[in-house]
Amino acid sequence: MPTRQMDVTTWYLEQSAPGELRPAPVPETRLDVVRAEIPSPELSRFLYTAVGGDWYWTDRLPWSYDQWQNWLERPGVETWIAYVRGTPAGYVELDPQPDGQVEITSFGLLRAFTGQGLGGHLLTVGAGRAWDLATRWADRKPTERVWLHTCSNDGPHALRNYQARGFRVFDVRSATETRDHTPPGPWRGAR
């Protein structure tokens, strides 16, 4: 597949207190956000490719089943899935880190659910679950910082959504990357 050089800007954002989270309006479309309590590599890989396939999410594509399982079984890792009328619409993945930090490692909506005002609400719920993560994991120190990163290859509203929810930029980095001409999409093969 032909490649090209791309300039990519990455923004690192954080909140340092739960009171910094600014909730989005509740959407008109009912969005149920449920924690996937059983680690499932198949489900997590589906969500990763279905949400990130259009945005060059490729880091985990080569992961084996065991790598997915090991990632998901770590204490405190949580996957919160958004459903619209029983259909997966998006997800938030939380990664607990030392010293009361929680990273939102994955966040987004499947293409069919974008542009409906669902992303702000899903991010509100996901960030809220990052802040109260220690209430579900007895050995966890209370959360003192929630952070994430987004880049210029992500969805066009990602950075604005994070900032609207109260996340503030603490670092910006630019790099030139070699990428395929088009993102991999939700699955390999013709669309």
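The values are calculated or read from the model by the stated rules, or taken from the named source; none is laboratory data. Computed from a prediction, not measured in an experiment: that's the story for all the values here. As a convention, Cβ positions derive from the backbone with ideal geometry for all residues, glycine included, and neighbour counts pool all protein chains shown. Accessible surface areas use protein heavy atoms only, side chains included; no ligands, DNA or RNA. Shrake-Rupley method; radii C 1.70, N 1.55, O 1.52, S 1.80 Å.
Give Gly128, Gly119 a once-over and let me know the one that is closer than 21 Å to Pro96 by Cβ and small (Gly, Ala, Ser). Please lay out each step first, then the result.
On the way: Gly119 fails: closer than 21 Å to Pro96 by Cβ.
That would be Gly128, the only listed residue that is closer than 21 Å to Pro96 by Cβ and small (Gly, Ala, Ser).
Check Arg74, Arg35 and return the single one that is under 28 Å from Pro142 (Cα atoms), touching a residue at least 60 places away in the same chain (Cβ under 8 Å) and open to solvent by 50 Å² or more (accessible area, probe 1.4 Å).
Details: Arg74 fails: touching a residue at least 60 places away in the same chain (Cβ under 8 Å).
Just a single option satisfies the conditions, and that option is Arg35.
Given the structure, is Arg111 modelled with pLDDT under 95, over 20 Å from Tyr12 (Cβ atoms) and in contact with a strand residue (DSSP E or B) (Cβ under 7 Å, 6 or more places away or on another chain)? Don't jump to the end; show me each part of the working.
Working: modelled with pLDDT under 95: yes; over 20 Å from Tyr12 (Cβ atoms): yes; in contact with a strand residue (DSSP E or B) (Cβ under 7 Å, 6 or more places away or on another chain): no.
Judged against the criteria, Arg111 is not a match.
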Checklist outcome for this item: Cβ pairs under 7 Å, 6+ apart or interchain, first in the stretch 159-175 and under 11 Å from Trp11 (Cβ atoms) and in a helix (DSSP H, G or I), second open to solvent by less than 60 Å² (accessible area, probe 1.4 Å) and charged (D, E, K, R), ordered by first then second residue, are none
Checklist outcome for this item: Note on Gly120: of the conditions (1) assigned to a strand (DSSP E or B); (2) farther than 21 Å from Asp59 by Cβ, unmet is (1)
Checklist entry - Which one is farthest from Ile38 (Cα to Cα), of the residues in the stretch 64-84 that are touching a strand residue (DSSP E or B) at 6+ places or on another chain (Cβ under 9 Å) and not hydrophobic (A, V, I, L, M, F, W, C)? => result Tyr83
Checklist outcome for this item: When restricted to Arg22, Arg45, the only residue in contact with a Lys or Arg (Cβ under 7 Å, 6 or more places away or on another chain) and either at pLDDT 95 or above or farther than 11 Å from Leu110 by Cα (or both) is Arg22
Checklist entry - Looking only at residues in the stretch 124-147 that are in contact with a Leu (Cβ under 9 Å, 6 or more places away or on another chain), in a helix (DSSP H, G or I) and among the aliphatic types (A, V, I, L, M), which one is most open to solvent (accessible area, probe 1.4 Å)? => result Val125
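For the stretch 148-158, give me each residue that is open to solvent by less than 40 Å² (accessible area, probe 1.4 Å) and in contact with a Ser or Thr (Cβ under 6 Å, 6 or more places away or on another chain).
Result: Cys151, Ala158.
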Item to check | Positions within the stretch 93-104 being touching a residue at least 40 places away in the same chain (Cβ under 8 Å) and buried (at least 19 other Cβ atoms within 10 Å of the Cβ), in sequence order | outcome: Glu93, Pro96, Val102, Ile104
Checklist outcome for this item: Of the residues in the stretch 82-122, those that are basic (Lys, Arg) and within 11 Å of the chain's Cα centre (by Cα) come to none
